[in-house]
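Structure record follows, encoded as structure tokens.
The values are calculated or read from the model by the stated rules, or taken from the named source; none is laboratory data. Because the structure is predicted, anything quoted here is derived from the model rather than measured. Here the Cβ positions follow ideal geometry from the backbone for every residue, glycine too, while neighbour counts run over all protein chains shown. With ligands, DNA and RNA removed, areas are computed over all heavy atoms of the protein, side chains included. Shrake-Rupley method; radii C 1.70, N 1.55, O 1.52, S 1.80 Å.
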Amino acid sequence: MELTKKTHACVRIEKDGRTLVIDPGAFSEEDAAVGADAILVTHEHLDHFDEGRLRRAMEAAPAAEIWTLASVADQISAAFPGRVHTVGEGDAFTAAGFEVEVYGQLHAVIHPDIPRITNVGFLLDGTVFHPGDALTVPEGRAVDTLLLPVHAPWNKVAEIIDYVRAVAPRRAIDIHDSLLQDHARPVYDGMIDKLGGTDHGRLTPGAHTEVG
């Protein structure tokens, strides 16, 4: 599998000539999902779910399909009958040739006064895990590549380090990073590299790497 990092929380993963995209939100490129055979969306926040980007992708590829939780499906399923599938924790399905397992239920706590919304994470082919906006541990699974939400209003670096330790992947690649200033990246990199206990790195948008 080849993973291409898009801006913020979005990634494209290609295998056997087919493409799966996760979380093409408002901070990602306008065409982040165009050309995808399958699109996965972890939750409804705008930096993960952008209806315009999804519509462009679905209109460009009449066979493309979306898998997501109910809060997103309810907003877009009417426009694409039979092509939007609602999933939740414990579900498993095949999308664009990828075997996908669903983990998690709730978004991380932003503040006690802000109601929590639903959030799911996706494990691809038993190797690559995208948690969305939560520090979900896919219990009982040996994750090869963790897509790590490194910077957000709902987290701090100590929690991110402990999350890497809890998942114990072979390597972690940063996502959810567009609000992190360039001059702060070496600070985060240094602490996660030193304390996370795994190979940790980041990709600039458009860069790619082999996974799985």
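Brief remarks follow.
- Among (1) crowded, with 16+ Cβ neighbours inside 10 Å; (2) part of a strand (DSSP E or B); (3) of a type outside the set (Ser, Thr, Tyr); (4) over 12 Å from the mean Cα position of the chain (by Cα) - the single one Glu99 does not satisfy: (1)
- Taking region 52-82 as the range and being in contact (Cβ under 8 Å) with a residue 12 or more places away in the chain, more than 20 Å from Leu124 (Cβ to Cβ) and not in a helix (DSSP H, G or I) as the test, only Phe80 passes.
- Members of region 27-49 that are assigned to a loop (DSSP other than H, G, I, E, B) and under 14 Å from the mean Cα position of the chain (by Cα): Phe27, Ser28, Ala32, Ala33, Thr42, His43, Glu44, His45, Leu46, Asp47, His48, Phe49
- When the criteria are applied in full, Asp113 fails the requirement of being part of a helix (DSSP H, G or I) and either under 14 Å from the mean Cα position of the chain (by Cα) or of a type in the set (Asp, Glu) (or both).
- Among the residues making up region 116-132, those that are farther than 14 Å from Tyr163 by Cβ, assigned to a loop (DSSP other than H, G, I, E, B) and in contact with an Asp or Glu (Cβ under 8 Å, 6 or more places away or on another chain) are Ile117, Asn119, Val120, Asp125, Gly126, Thr127.
- Residue within region 27-48 that is over 14 Å from Lys6 (Cβ atoms), surrounded by fewer than 16 Cβ atoms within 10 Å (Cβ to Cβ) and not polar (S, T, N, Q) present: yes
Let's see how each residue does on (1) part of a loop (DSSP other than H, G, I, E, B); (2) under 23 Å from Lys15 (Cβ atoms):
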{"site": "Ala134", "(1), (2)": "yes, no"}
{"site": "Glu159", "(1), (2)": "no, no"}
{"site": "Pro169", "(1), (2)": "yes, yes"}
{"site": "Asp177", "(1), (2)": "yes, no"}
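- Against the list (1) farther than 29 Å from Glu210 by Cβ; (2) open to solvent by less than 50 Å² (accessible area, probe 1.4 Å); (3) more than 18 Å from the chain's Cα centre (by Cα), the condition Val72 fails is (3).
- Verdict on Gly35 being in contact with a strand residue (DSSP E or B) (Cβ under 9 Å, 6 or more places away or on another chain) and either closer than 16 Å to Thr118 by Cβ or among the polar types (S, T, N, Q) (or both): no
- Every condition in (1) of a type outside the set (D, E, K, R); (2) part of a loop (DSSP other than H, G, I, E, B); (3) open to solvent by 10 Å² or more (accessible area, probe 1.4 Å) is met by His85 except one, and the failing one is (2).
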